[in-house]
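The values are calculated or read from the model by the stated rules, or taken from the named source; none is laboratory data. Since this is a predicted model, take the numbers as computed values, not measurements. Counting neighbours? That spans all protein chains shown, and the Cβs are built from the backbone with ideal geometry, glycine included. Each accessible area value is taken on the protein alone, full model and side chains, heavy atoms only, with ligands, DNA and RNA left out. Shrake-Rupley method; radii C 1.70, N 1.55, O 1.52, S 1.80 Å.
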Amino acid sequence: MSAQEKPAPRPMLSVREALDTLLAAARPVTDIDTVPTLEANGRVLAADQASTIDVPSADNTSMDGYAVRAVDCVNGGAALRVAQRIPAGQVGQPLKPGTAARIFTGAMIPQGADAVVMQEQCELAGDIVTIRHTPKSGEWIRRTSEDIQAGATILAAGTRLRSQELGLAASVGLASLPVRRRLRVAVFFTGDELTMPGEAPGGALAPGAIYNSNRFTLRGLLENFGCVINDFGIVPDSLAATRATLREAARENDLIITSGGVSVGEEDHIKPAVEAEGQLNMWQIAVKPGKPLAFGEVRKEGGSAFFLGLPGNPVSSFVTFLLFVRPFLLRLQGVSGPVEPRAWQLRADFTLPKADRRNEFLRARVNAGGGLDLFPNQSSGVLTSTVWGDGLIDNPPGRAINEGDIVRFIPFAELQH
C-alpha cells in the first residue's frame, strides 16, 4: 500500500450482527438473593420452582348455586330439599340422594355431588329448591389439580418475574424465591457543554450550553429494569478525568454506560480512555438513528466491567439503548429466554419515498384507524418524537415506504420492560 493510499473503511455492522455479538459476550451475574415473593417483581428467577400441592387442592365450584347429583335432576324441574349450606373454606357433609347443598364459589364439592347448578337456574321456597335445568355431570366444577399438579415445575430458572408469575408462585404457597442479584450499572456523561436543569446561573443557559436530557432518559430506562444505578454525573472533557471515572465506575459495577464522546474528535476522550483502562471495539452500525456504538470492558480487580458507549444525540441515545442495551441488560440479569421485543405488522398511513442505506427506526404512532402515522421530523435531536410516538417502525435498509404498505412496528411498551 502506498503512502497515499488509505485503508478501506470497515463495513458497517448490521443491527443483527451487533446484537448477536453483544448477546454472545454477556456474562450473567451469578450471585443469588432469596427475597420475599411480595418483593420479587422484576427480578430474574435463579432456579426452577415446583409446586408441592395440587391446584385446586380439591374439587370445588366455580359458581354460586346448588350442588346436586345429576341423576336427581333429569326432568328439568326437580324439587330437592336443601340439606346444608357450604361457604368457601368449609367442608360439607356427604350429599344424600334427593337433596341439594347451597354452595358458594370456591367451596369444596361435597362427597356424592357431581354437578353445580347456578343460582339463576333455581327457585327457592323455604328449604325446597326447584332446579330449572338439567345439569351434566361435572358442570361448574373445577377439578382437583386441573391447574397445577403436585411436583410440576411452575416457573423456570431465567424467568423475569412479573405480577402474574408472583401470583402463580403464591398460589402454591411459595413465600420466597431465589433470584439473581440486581445488576449494578454505572452511568456518566461527557461534554463540557452539558448542564443540569436548575443549575444555570440565574436560570438561563450560557451560550453554547445544553441541558443533559440523556441523564434523565437513561436513568429512567435503567430504573425500568430494576438496576442499581451509580450515577457519576457529568465528567469534564479530559482524558485524565475520563480515565479516573472509568476506574472508579468499574470497581463496584457490572456495566458502565456513557453518553457522548464516542466519536474521534479532539474532545472525544471515551475511546482512548477505555483503551487505556481495558479494551474497546468501536462499531459503526448500519442503523438510523444511532450509528456509533462503543462496546468493551474496563479492568478491575478480579475481572472487568462491561462498557457501552452510546451516542450523545438524545434520540440516538434512546434508540440505541432500546435496541442494544436493553437485550444485553436482560441477558446480564440472567434472563434465559428471548430478550428481543415482539413486533406487530401494521399498515403505514404515510409515504416515505426516500430509502436509506441503513436500518431505520422511525418514530410513529397508532392512529384511530389502526394504521401508523409518522412523526414529520425524524432527526436524531428531536426528542419530542419519542413522546409523541407509540413505538418504532423497523424499516430495513434500502426500503421506501408507500401508503398502505405493511411495516414492522415495535411498541415502546415492548421495549421498556
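Please determine, by comparing only the residues of region 140-187 that are in a loop (DSSP other than H, G, I, E, B) and of a type in the set (D, E, K, R), which one is farthest from Glu414 (Cα to Cα). Walk me through how you get there before you give the answer.
If we filter region 140-187 for residues that are in a loop (DSSP other than H, G, I, E, B), which is where we start, we get 140, 143-147, 149-152, 156-159, 161-162, 172-175, 181-183.
Keeping just the survivors that are of a type in the set (D, E, K, R) gives 143, 146-147, 162, 181-182.
Working: Arg143: 36, Glu146: 32, Asp147: 28, Arg162: 14, Arg181: 23, Arg182: 21 Å.
Looking at residues that are in a loop (DSSP other than H, G, I, E, B) and of a type in the set (D, E, K, R), I get Arg143.
Quick one: how many residues across region 64-82 are aliphatic (A, V, I, L, M), touching a strand residue (DSSP E or B) at 6+ places or on another chain (Cβ under 8 Å) and open to solvent by 60 Å² or more (accessible area, probe 1.4 Å)?
As a first pass, look at region 64-82 and keep what is aliphatic (A, V, I, L, M): 67-68, 70-71, 74, 78-80, 82.
Pick out the ones that are also touching a strand residue (DSSP E or B) at 6+ places or on another chain (Cβ under 8 Å) and you get 67-68, 70, 78-80, 82.
Now narrow it down to the ones that are open to solvent by 60 Å² or more (accessible area, probe 1.4 Å): 79.
Here the count works out to 1.
So, Leu352, is that one touching a Gly at 6+ places or on another chain (Cβ under 9 Å), more than 30 Å from Leu246 (Cα to Cα), open to solvent by 20 Å² or more (accessible area, probe 1.4 Å) and of a type in the set (A, V, I, L, M) or not? Step through it out loud before you land on a result.
Values: touching a Gly at 6+ places or on another chain (Cβ under 9 Å): no; more than 30 Å from Leu246 (Cα to Cα): yes; open to solvent by 20 Å² or more (accessible area, probe 1.4 Å): yes; of a type in the set (A, V, I, L, M): yes.
No, not satisfied.
Given (1) open to solvent by 50 Å² or more (accessible area, probe 1.4 Å); (2) more than 26 Å from the chain's Cα centre (by Cα), identify the lone condition not met by Glu223.
Condition not satisfied by Glu223: (2).
So, restricting to strands (runs of 3 or more DSSP E) that lie completely within region 83-139, which ones have at least 1 residues that are surrounded by fewer than 16 Cβ atoms within 10 Å (Cβ to Cβ)? First the steps, then the outcome.
Numbers: elements: 99-103, 115-118, 122-125, 128-131.
By residue number, 122-125, 128-131.
Need the failing condition index for Thr242 against (1) polar (S, T, N, Q); (2) open to solvent by 50 Å² or more (accessible area, probe 1.4 Å); (3) in contact with a His (Cβ under 7 Å, 6 or more places away or on another chain), just the number.
If we test Thr242 against (1) polar (S, T, N, Q); (2) open to solvent by 50 Å² or more (accessible area, probe 1.4 Å); (3) in contact with a His (Cβ under 7 Å, 6 or more places away or on another chain), just (2) comes out false.
Does Met12 satisfy the criteria of being over 24 Å from Ile148 (Cβ atoms), at pLDDT below 95, in contact with a Pro (Cβ under 9 Å, 6 or more places away or on another chain) and open to solvent by 40 Å² or more (accessible area, probe 1.4 Å)? Don't jump to the end; show me each part of the working.
Working: over 24 Å from Ile148 (Cβ atoms): yes; at pLDDT below 95: yes; in contact with a Pro (Cβ under 9 Å, 6 or more places away or on another chain): no; open to solvent by 40 Å² or more (accessible area, probe 1.4 Å): yes.
When the stated conditions are applied, Met12 does not pass them.
For region 35-63, give me each residue that is assigned to a loop (DSSP other than H, G, I, E, B), at negative phi and surrounded by 16 or more Cβ atoms within 10 Å (Cβ to Cβ).
Within region 35-63, the subset assigned to a loop (DSSP other than H, G, I, E, B) is 40-43, 46-48, 51-54, 56-59, 62-63.
With the extra rule that they be at negative phi, the set shrinks to 40-41, 43, 46-48, 51-54, 56-59, 62-63.
Across region 35-63, the qualifying residues are Ala40, Arg43, Ala46, Ser51, Asp54, Pro56, Asp59, Met63.
Got a sec? Which of Ala209, Ala204 is loosely packed, with under 15 Cβ neighbours inside 10 Å and either out of contact with any helix residue (DSSP H, G or I) (no Cβ under 8 Å at 6 or more places or on another chain) or among the small types (Gly, Ala, Ser) (or both)?
Working: Ala209 fails: loosely packed, with under 15 Cβ neighbours inside 10 Å.
So the residue among Ala209, Ala204 that is loosely packed, with under 15 Cβ neighbours inside 10 Å and either out of contact with any helix residue (DSSP H, G or I) (no Cβ under 8 Å at 6 or more places or on another chain) or among the small types (Gly, Ala, Ser) (or both) is Ala204.
Of all residues in region 398-416, how many are closer than 27 Å to Leu330 by Cα and surrounded by 13 or more Cβ atoms within 10 Å (Cβ to Cβ)? Write out each step before concluding.
Applying the first criterion (closer than 27 Å to Leu330 by Cα) to region 398-416 yields 407-416.
Filter again for surrounded by 13 or more Cβ atoms within 10 Å (Cβ to Cβ), leaving 407-412, 414-416.
Counting residues in region 398-416 that are closer than 27 Å to Leu330 by Cα and surrounded by 13 or more Cβ atoms within 10 Å (Cβ to Cβ) gives 9.
May I ask you to verify whether Ile285 is β-branched (Val, Ile, Thr), touching a strand residue (DSSP E or B) at 6+ places or on another chain (Cβ under 6 Å) and modelled with pLDDT under 95? Before the answer, list the steps.
Working: β-branched (Val, Ile, Thr): yes; touching a strand residue (DSSP E or B) at 6+ places or on another chain (Cβ under 6 Å): yes; modelled with pLDDT under 95: yes.
When the stated conditions are applied, Ile285 passes them.
Does region 254-277 contain any residue that is modelled with pLDDT under 90, surrounded by fewer than 16 Cβ atoms within 10 Å (Cβ to Cβ) and β-branched (Val, Ile, Thr)?
Yes, the conditions are met somewhere in region 254-277.
Let's see how each residue does on (1) modelled with pLDDT under 95; (2) more than 30 Å from Thr245 (Cα to Cα); (3) charged (D, E, K, R):
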{"position": "Ala157", "(1), (2), (3)": "no, yes, no"}
{"position": "Ser163", "(1), (2), (3)": "no, yes, no"}
{"position": "Gly167", "(1), (2), (3)": "no, yes, no"}
{"position": "Gly173", "(1), (2), (3)": "no, yes, no"}
{"position": "Arg180", "(1), (2), (3)": "no, no, yes"}
{"position": "Arg184", "(1), (2), (3)": "no, no, yes"}
{"position": "Val187", "(1), (2), (3)": "no, no, no"}
